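Visitor: Below is one structure. I have some questions about it.
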Number of protein chains: 4
Amino acid sequence: MTDDVTPTDAETACFEAGIKFGSLYHQFAGTPISPASAGSLARAIEDSIENQPHCTAVTVDVREEELEEALAEASAEYTELTGRFLEVEIVVDYEGCEVVTRMEMEDGYPLMRLESVGGRE
Amino acid sequence: MTDDVTPTDAETACFEAGIKFGSLYHQFAGTPISPASAGSLARAIEDSIENQPHCTAVTVDVREEELEEALAEASAEYTELTGRFLEVEIVVDYEGCEVVTRMEMEDGYPLMRLESVGGRE
Amino acid sequence: MTDDVTPTDAETACFEAGIKFGSLYHQFAGTPISPASAGSLARAIEDSIENQPHCTAVTVDVREEELEEALAEASAEYTELTGRFLEVEIVVDYEGCEVVTRMEMEDGYPLMRLESVGGRE
Amino acid sequence: MTDDVTPTDAETACFEAGIKFGSLYHQFAGTPISPASAGSLARAIEDSIENQPHCTAVTVDVREEELEEALAEASAEYTELTGRFLEVEIVVDYEGCEVVTRMEMEDGYPLMRLESVGGRE
C-alpha cells in the first residue's frame, strides 16, 4: 500500500477511456433505431466520440439480429437504442499509455470493461 | 369559441411534428461535433428521426461557418452540438394533413416554428 | 378542404405541446433510476420542462410497481428510465388555447396523445 | 516498461469514475435550466448517478451566478444545462481503491480530472 495518491498516466488513460464510454452511452441511448437507420447511427457515434481528447479509435457495431428480433417481438418498425443492440470498442492513448475498452452484453446487461492497459512505466 | 375539445387531424399532425422536433433537439444536443464529423451526424439525425410515426422527411443542415467560427474563437477542435449550429426542416403527414416545420436561429435563439398546415377539412 | 395553410393558435398550441413531450422523453430516457431515486428525478423532470415557453404544468409519475418488477426480474438495483416507467401529463397554453396531453402505456408502447384542445376561436 | 497489460484495481476504479462523469454530462447536458429549477436538477443528477456501480458519492453544485449572468445577457428566463454552469465531484470505490474526480471550468472549458487515487497495493 502506498501513500501517494497522484494519478499515474495509465490511470489517467483509464479515466479518459471511461469518460468516452459514459458519453457514448448516455448521449445516444434512446435514439430511434431501425435496421435501415442503424448504419448511419453507428458511423455518427464513431465520428462524434472520436472528437474527444486522447481518443484514438471508436468502433460501433449494431447487433442487427438482436435488433430484428426485438422489432419482430413488438410488431414495431423501430425501437430505442439501448446497450443490448451495441458492441463497442474504444481505444484511448494518453501520454503513451494505450487503453483498449469494450462494451458487450453479459448476462443481459451491457458491461463496459477494460481489456488492456499498455505502455505503463 | 367552441365547446368541442376533440383534437382535429390537423392539430394532431402539429402535435406529432412538435414531438419530432423536441426529440431531435434533446436527443442530439451535447453531441461532440467538429467540421469532420458534422456530415455523418446530420445523416444519422435525419435517419433516426424519420423512424418516428407519421414523419415523412427530416432535413438537417449543419451551419458550418458558424461551427468553424465557434471553434476558432475557443481555440478548440470540437464543440457540443447546440441549436446555433443547426437548420432543420421536418415534414409530418397525419391522416392527409401535411405539416411543415422549421428550426432556425432568430435573435440568437433556435426557434422552432410551424411553417404550414395543409390538408385541413 | 381549405387552401389556407397558416397555422391557427390551437395548432400552434399542439405543436408546442409536442415539443415539450419529445424534449422530456429524449432528454431523460436512459437516466439511471431506482426506487430510491425515482422521486427526485420526477421532480427535476417537471421543473425543467416547465421552463419551456407556454408550458403551464408538467406532472410526472413514476410507475413504481412496474419499476420494482423490472428490477426483481433482472436481479438489478437500478435500470434505465424508459417510457414503461412513466406517466406524464403536460398542459400548454398558447394565446388562450389550452392543450392537455398525456403519455401512457398502450399495448406495451409509450403512447403520447392529445387529450383536449380548448379555447379555439 | 512492463509487458503486463492486465488492468490493476486502481486503473479499473479510474475507468469506472470516468464512466460516471461521461454519463452525467451527456445524460443531462441540454436540460432546460433556470435559477428556480437548478436545485431539483442538481439533486436528481446526484441521486441518479449514485445508482451506478461502485459510485460512493456525487456532489453537484450549480454555479448560480454564472447562470444568472447568462440569462441576463440573453434576456432569457431559462437556458440549456452545459458545463459552464456545473461543479461536480464524484467519488468511486472499486475493491478498496478510492478515486476522487472533479469537473471545473478551466480556460472556459469544463475540465474533468482525477484528483486522487487511493488504496493502491
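Here, each number is a calculation from the coordinates, and none is a lab measurement. It should be emphasised that the depicted structure is a prediction, and the values quoted were computed from it without experimental measurement. Counting neighbours? That spans all protein chains shown, and the Cβs are built from the backbone with ideal geometry, glycine included.
Visitor: Using a 7 Å offset from the Cα along the Cα-to-Cβ direction at both residue C:113 and residue C:64, what is the distance between the two label points in nm, to one decimal?
Guide: 2.8
Visitor: Taking each residue of B:44-57 in turn, how many C-beta atoms of other protein chains fall within 10 Å of its C-beta, and what is the average?
Guide: Per residue, the average neighbour count from other chains is 5.
Visitor: Putting +1 on Lys and Arg Cβ atoms and -1 on Asp and Glu Cβ atoms, find which of B:82, B:15, B:112 reaches farthest to the positive end of the dipole of chain B.
Guide: B:82
Visitor: Still on this structure, please answer the following. Select the chain C residue whose beta carbon lies nearest to the rotation axis carrying chain C onto chain A, and write the distance in whole Å.
Guide: C:30, 2
Visitor: Another question, then. Roughly how many whole Å is it from the C-alpha centroid of region B:59-121 to that of region D:40-92?
Guide: Value for the Cα centre distance between the two parts: 26 Å.
Visitor: Summing Lys, Arg as +1 and Asp, Glu as -1, what charge do residues with Cβ under 13 Å from the Cβ of residue C:15 carry, residue C:15 excluded?
Guide: Net local charge, residue C:15 excluded: -3.
Visitor: Sticking with this one: Per DSSP H run of at least 4 residues, take -39500 (n - 2.57); add these up for chain A, divide by its residues and hand me the 222 nm value, nearest 500 deg cm²/dmol.
Guide: Mean residue ellipticity at 222 nm (helix-derived): -11500 deg cm²/dmol.
Visitor: With chain D treated as a Gaussian network of Cα nodes joined by springs under 10 Å, which of D:34, D:48, D:75 yields the largest mean-square fluctuation?
Guide: Ranking D:34, D:48, D:75 by mean-square fluctuation puts D:75 first.
Visitor: Name the residue, out of D:59, D:12, D:101, whose mean-square fluctuation peaks in a Gaussian network model built on chain D with Cα pairs under 10 Å.
Guide: D:12
Visitor: Another question, then. Let's see if you can work this out: charge +1 on each Lys and Arg Cβ, -1 on each Asp and Glu Cβ, no other charges. What is the dipole magnitude of the protein assembly as shown about its Cα centre, in debye to the nearest 20?
Guide: For the protein assembly as shown, the charge dipole is close to 0 debye.
Visitor: What number results when the radius of gyration of region C:1-70, computed over Cα atoms, is divided by 2.2 N^0.38 Å?
Guide: In units of the 2.2 N^0.38 Å rule of thumb, it is 1.47.
Visitor: How big is the dipole moment of chain B about its Cα centre under a simple scheme where the beta carbon of each Lys and Arg is +1, that of each Asp and Glu is -1, and everything else is neutral? Debye, nearest 20, please.
Guide: With Lys and Arg at +1 and Asp and Glu at -1, about 260 debye.
Visitor: Compute the projected area of the convex hull of the Cα atoms of the protein assembly as shown, averaged over all viewing directions, and report it in nm² to one decimal place.
Guide: Across all orientations, the protein assembly as shown yields a mean hull projection of 23.0 nm².
Visitor: Could you tell me what % of all Cα pairs in chain D have separations over 23 Å?
Guide: 36
Visitor: Neighbouring Cβ atoms within 10 Å as the yardstick, rank C:107, C:47, B:9, A:93 fewest first.
Guide: C:107, B:9, A:93, C:47
Visitor: Under a cut-off of 27 Å between alpha-carbon atoms, report the lysines in cross-link reach of residue C:20, not counting same-chain residues fewer than 8 places apart.
Guide: Straight-distance partners of residue C:20: B:20.
Visitor: Okay, moving on. Shape of region D:1-41 from its Cα gyration tensor (a ≥ b ≥ c, root eigenvalues): rounded if a/c is under 1.5, otherwise prolate when a/b > b/c, or oblate?
Guide: prolate
Visitor: How high is the relative contact order of chain C? Use alpha-carbon pairs under 8 Å, at least six apart in sequence, and give a whole percent.
Guide: 28
Visitor: If you don't mind, there's one more thing I want to ask. With no other cysteine's Cβ closer than 4.7 Å, which Cys residues of chain A count as lacking a disulfide-compatible partner?
Guide: A:55, A:97
Visitor: Please arrange C:94, B:109 by how many other C-beta atoms lie within 10 Å of their C-beta, fewest to most.
Guide: B:109, C:94
Visitor: Could you please rank B:23, D:37, B:116, placing first whichever residue has the fewest other Cβ atoms within 10 Å of its Cβ?
Guide: If I rank by nearby Cβ atoms, fewest first, I get B:116, D:37, B:23.
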